[in-house]
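Engineer: The following block contains the structure, expressed as structure tokens.
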Amino acid sequence: MEQHHQYGTESDADTAMSPGLISPRDVEAVPNPRDKNGLHTPLLQRKKTLLPDANYSVEQHQAMIGANVSPIESLDYELIENELFRQDWRSRTKHEILEYVFLKWTFVFLLGLLTGLVGFGINMAVENIAGAKFLATTKSMSASGFMPAFLLYAGSNVGLILVSSLLCVYISPAAAGSGIPEVKAYLNGVDTPNIFSLKTLFVKVFGCICTVSGGLIVGKEGPLVHIGSCIASLIGQGGSRKYHLTWRWLRYFKNDRDRRDLVTCGSAAGVAAAFRAPVGGVLFALEEVTSWWRGPLLWRAFFTTAVVAVVLRTGMAWCKGGSCGLFGEGGLIIFDVEGVKSEYGLLELFPVVVLGIIGGVLGSAFNHLNSKIVLFFGAFLNKRWRSAKVWQACLIALLTASISFGLPWFAECRPCPEHKIGQYPIGAECPTHGRAANFKGFHCPDGTYNDLANLFFNTNDDATRNLFSTGTPGEFRKSSLLIYLGASYFLAVITYGIAVPSGLFVPSILCGATYGRLVGMLMTPIAGDDRLDEGVYALLGAASFLGGSMRMTVSLCIILLELTNNLRMLPLIMLVLLVSKTVGDSFNDAVFDIHVQLKGFPFLDAHPEPFMRHLTAREAIKYTPVTFNAVERVGTVVDVLTTTRHNAFPVLEENGAVLCGLVLRYHIMVLLEKRAFLDHSDDSYIEKKPALTSSDFAKPGSGKGMRIEYLHVTPEEREKYLDLRFVANTSPYTVVETMSLAKAFTLFRQLGLRHLCVIPKKSRTERSPIVGLLTRHDFMPGYLHEQHPLLR
């Protein structure tokens, strides 16, 4: 835990308040209702989070990881400079440097290969499970009628969701949700426990299969981003000491910087596996999830997504021979709107702008409603047993099954359209009783079809294909599209955030494509036969909802182009994304940014808050830091580590007059574990070099790591000494105490720091050479609000 104060006084929770967390001192800041603009009215408002006050630990900062509240820390991206690590770099041969570069490219190749295989396996499993479910339900409907078929359909859906929620609630809570907020927070520097563990990976994969097959209005795209990041983190851990799966050449990757780059490539690979969009995956990682980007990372991310694309293409070619059961070429999300009229003039620009406005309004409304529902159920369910989250998921699954089966049952059957050459896609029989079709018979007699069943009684991917289908004018009634829009919007709002793996891309595409196709139908009497195809309007509607909810532009534009295989749609997609994002930004933040705030992550935005210009670095520090002497007694070190949870300690020399550097908690514990003790305080490691190398101080993987409680120090050893200069970072980043907090924030954020030393402006003999340490918690608006409630 980052250091904020002298040990034995107050806890980190009091000095590092997250937005939405309330301490006892907040009572004094409550304004008088009659004094709305008075001097006692706080001007910085807290944002609510999912963290309950009763469960907030006074020892550590916490956040909502998946479905559980867990303690969090920060990552170390700073290069440590001392004699030990400098010697390690000097001793590296040219062969070892080439080996390091070769391993980087080997790891990203393995990452793309494994992510592509997992993505292909998830798609194949979903298509086969969902296909078997629909075929069995259709057969039961024909033989036994409504109730047996409904019980079979609803029972299979609830059973699949039950398995998924049980896995998330009781085995790996970090696997719940999409995982994109957690990945985004990690790449911002927030160390969240277990989000990339092997257990989380398995639960995410199997939970995603069950959730998507269970018929919920969710997608597998967000979970695939998390899955790709999990694979990347496991590859980049450099093996496991616990299971003796580590080699000397893997020691280079036991640091947060290389793991950060691999996780960035993993998030790009996840999008590429979900949409078969390699370029879109790279741009998604750049635009949405990562906080630091470098030139060489672009090449590696592009190479990773290219490998994913090759793997998926190979798998699809293999499945064309009938080797994958019900899974075929349509099993992966690809919507081909090629070969339709895409010329447009000024008349078509007006409905495109209207679609952008609708998408911005509905997308921002979705963000607002979903955040309110997540907060309500989070506060309600956190006070009860964990099984309540399972019940919530099962009830939503039952509701979804009732709507998706009941509404088509009561819908009116429509006569099949006359087949004309070139007007309808090849193989679009009417009616069809298979798993995927444009004209589903459902319960209708021969010669008729059920347009609501085309949307409801289908997988989400197949429903999207039906909405994107071209050359099928009049396939849906306006009333059917309105019913489906209302039902899918409502179900998406209440579903995203429950304790199952769930993505938001496909629900957004479904809602947007529905009103987009509706607008296309309304354009018929205006533009006549010269209008754009209804499938093209559905594509533009999907883009508008995605832009209004997620607020991405470049990456979404490329993903949709790769999805639809139609480059001529680029200007219209760009226009609708710009309009929807502009409208949405005028109401609230992007959906993933809102969930980052709800989960309580201390996320650092790209720019400081305006009020930080009125504060200095000194004013953000509340307590004097805990310091060590350059050569410190072992007993003193053990006592400090036992009574505090700080991650770093300033090291002073020359009787506390000079700042020698900053030593990390983990490095001190390595010295204690290796018994690198000195007999006298005037000894030095320079004279008595211990048998330690830089690999001994490499950061552990996703396990629990080393804890001071597990280190046993005898009374005789407590009287010995440690030379902390041996492992201290002798050149930490420092700022003068009079620097504005805005400038300190920019330095902290751009360099990816965990600690920023604040030094006095004037050096005095009686004054400590360090004023305090700034961590990411000190830049949080909630903490600054507590410190300065009247700040303007």
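Each value in this text was obtained by applying a stated rule to the coordinates, not by laboratory testing. From a predicted model like this one, the values you see are computed outputs, not experimental measurements. Positions of Cβ are backbone-derived with ideal geometry, glycine not excepted, and every protein chain shown enters the neighbour counts.
Engineer: Could you calculate the FRET efficiency of residue 587 with residue 202 from 1/(1 + (r/R0)^6), where r is the beta carbon distance between them and R0 is 41 Å, rounded to 0.05? Could you put the intermediate results ahead of the total?
Structural biologist: Details: r = 39 Å, r/R0 = 0.94.
With R0 = 41 Å, the Cβ-Cβ based efficiency is 0.60.
Engineer: When the chain is fully extended, how far beyond the present Cα-Cα distance does residue 751 get from residue 478, taking 0.36 nm per residue of separation?
Structural biologist: 92.9 nm
Engineer: While we're on this one: For residue 710 and residue 554, calculate 0.36 nm times their separation in residues minus their Cα-Cα distance, and state this gained length in nm to one decimal.
Structural biologist: Working: separation 156, 0.36 × 156 = 56.16 nm, distance 4.98 nm.
Between residue 710 and residue 554, full extension yields 51.2 nm more.
Engineer: On full extension of the chain, what length is gained from residue 346 through residue 143, given 0.36 nm per residue of separation minus the C-alpha to C-alpha distance?
Structural biologist: Working: separation 203, 0.36 × 203 = 73.08 nm, distance 5.37 nm.
Here the answer is 67.7 nm.
Engineer: Taking the beta-carbon count within 10 Å as an exposure proxy, list 183, 205, 101, 108 from fewest neighbours to most.
Structural biologist: Values: 183 31, 205 23, 101 11, 108 28.
Lowest count first: 101, 205, 108, 183.
Engineer: I would also like to ask the following. Please give, to one decimal in nm, the separation of the simple spin-label points placed at residue 623 and residue 310, each 7 Å out from Cα toward the Cβ.
Structural biologist: If labels sit at residue 623 and residue 310, their model points lie 5.4 nm apart.
Engineer: Calculated FRET efficiency, residue 354 and residue 691, Cβ-Cβ r, R0 56 Å, to nearest 0.05?
Structural biologist: Numbers: r = 73 Å, r/R0 = 1.30.
Efficiency computed from Cβ-Cβ geometry: 0.15.
Engineer: Continuing with the same structure: Using DSSP to call loops (not H, G, I, E or B), can you name the GluC sites (Glu not before Pro) in the range 571-661 whose Cβ has at most 14 other Cβ atoms within 10 angstrom? Could the numbers behind the result be given before it?
Structural biologist: Working: sites: 619, 632, 653, 654; in loops: 654.
Filter output for the range 571-661: 654.
Engineer: By counting other Cβ atoms within 10 Å of each Cβ, how are 391, 385, 292 ranked from fewest to most? It would help to have the intermediate numbers written out before the result.
Structural biologist: Details: 391 14, 385 10, 292 17.
Fewest-to-most Cβ neighbours within 10 Å comes out as 385, 391, 292.
Engineer: What list of ³J(HN,Hα) values in whole Hz, one per residue of the range 140-147 in order, does the Karplus curve 6.51 cos²θ - 1.76 cosθ + 1.60 (θ = phi - 60°) give from phi, with Gly and Pro shown as x?
Structural biologist: Result, ordered by residue: 5, 5, 5, 8, 10, x, 5, 5 Hz.
Engineer: Most exposed first by the Cβ proxy, i.e. fewest other Cβ within 10 Å, how do 595, 680 rank? Don't jump to the answer; show the numbers that get you there.
Structural biologist: Values: 595 27, 680 9.
Lowest to highest Cβ neighbour count: 680, 595.
Engineer: Starting at 0 and stepping by 5 Å, how many percent of the alpha carbon pairs of the range 92-323 end up in each bin?
Structural biologist: Going from the shortest bin to the longest, the percentages are 1, 7, 14, 16, 17, 15, 11, 8, 5, 3, 2, 1, 1, 0, 0, 0.
Engineer: Let me ask something else about it. Efficiency by 1/(1 + (r/R0)^6): what FRET value for residue 522 and residue 398, r their Cβ-Cβ distance, R0 = 25 Å, to the nearest 0.05?
Structural biologist: Details: r = 35 Å, r/R0 = 1.40.
Rounded to the nearest 0.05, the efficiency is 0.10.
Engineer: For every other residue with a beta carbon closer than 14 angstrom to the beta carbon of residue 280, add +1 if it is Lys or Arg and -1 if Asp or Glu, then tell me the sum.
Structural biologist: On the way: positive: 276; negative: 221, 287, 288, 562.
Net charge around residue 280: -3.
Engineer: Return the sequence-ordered ³J(HN,Hα) values of the range 392-399 in whole Hz as given by the Karplus equation 6.51 cos²θ - 1.76 cosθ + 1.60 applied to θ = phi - 60°, using x for Gly and Pro.
Structural biologist: Running phi through 6.51 cos²θ - 1.76 cosθ + 1.60 with θ = phi - 60° gives 4, 4, 5, 5, 5, 5, 5, 5 Hz.
Engineer: Say each of residue 736 and residue 385 gets a label point 7 Å from the Cα, pointing the same way as Cα to Cβ; how far apart are those two points in nm?
Structural biologist: 6.3 nm
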